[in-house]
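S.K.: I am attaching a structure below and will ask some questions about it afterwards.
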């Protein structure tokens, strides 16, 4: 039977088509990289990928949804913003255009995502240094302007994949600490009640364990 959780956190990857969002998610969840990965196409959105928090021993579940970057699908993508607690904004370091579009993506997040959503800026395809159009300093500066953490990543070489996902889950957990404390308090209370009921249901002594004689 599937385990039920009182808290479920949702993450999104957003950015232009072709920046490598799907590859980032596949590398993190399955440790796989496919150089010929096709673009994510809506209106049939991909199912969210679930994983457990690497930050906590109790492994709270996270759902991470990859999104289509094409402009014609933005109405569908924006529907997912409202329930997100963490968002990766991804550009391709070999595409100045995808970097410039981050400002548009940030604007969408500010408009549609809940207040206090946690954000991280990702400069992906760091392995393509010879094609670089966006300097590391540019990414760092943009992240500072928007108050975000920044990572350059590569799904191909596995650069900063675990680090960036771990950091976003940490930020989400910190932002929802009170909610988590409430859940843990309820869980501890329910566990104490279950233990009490189990204790009360135990036989009081050996007399109760004797068989009834029908002779």
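FYI, it's all coordinate maths here, none of it is from the lab. Please read all numbers here as calculations on a predicted model, not as lab measurements. Cβ coordinates were reconstructed from backbone atoms using ideal geometry, including for glycine residues, and neighbour counts include every protein chain displayed.
S.K.: So for the pair residue 140, residue 112, with labels modelled 7 Å out along Cα→Cβ, what separation do we get in nm?
M.R.: It is 3.2 nm.
S.K.: Ratio of segment 63-170's C-alpha Rg to 2.2 N^0.38 Å, to two decimals?
M.R.: Relative to the rule-of-thumb radius for its length, segment 63-170 sits at 1.03.
S.K.: At q = 0.20 Å⁻¹, what is the log10 ratio I(q)/I(0) for segment 132-182, with the Debye formula run over Cα points and no solvent?
M.R.: Here log10 of I(q) over I(0) equals -0.81.
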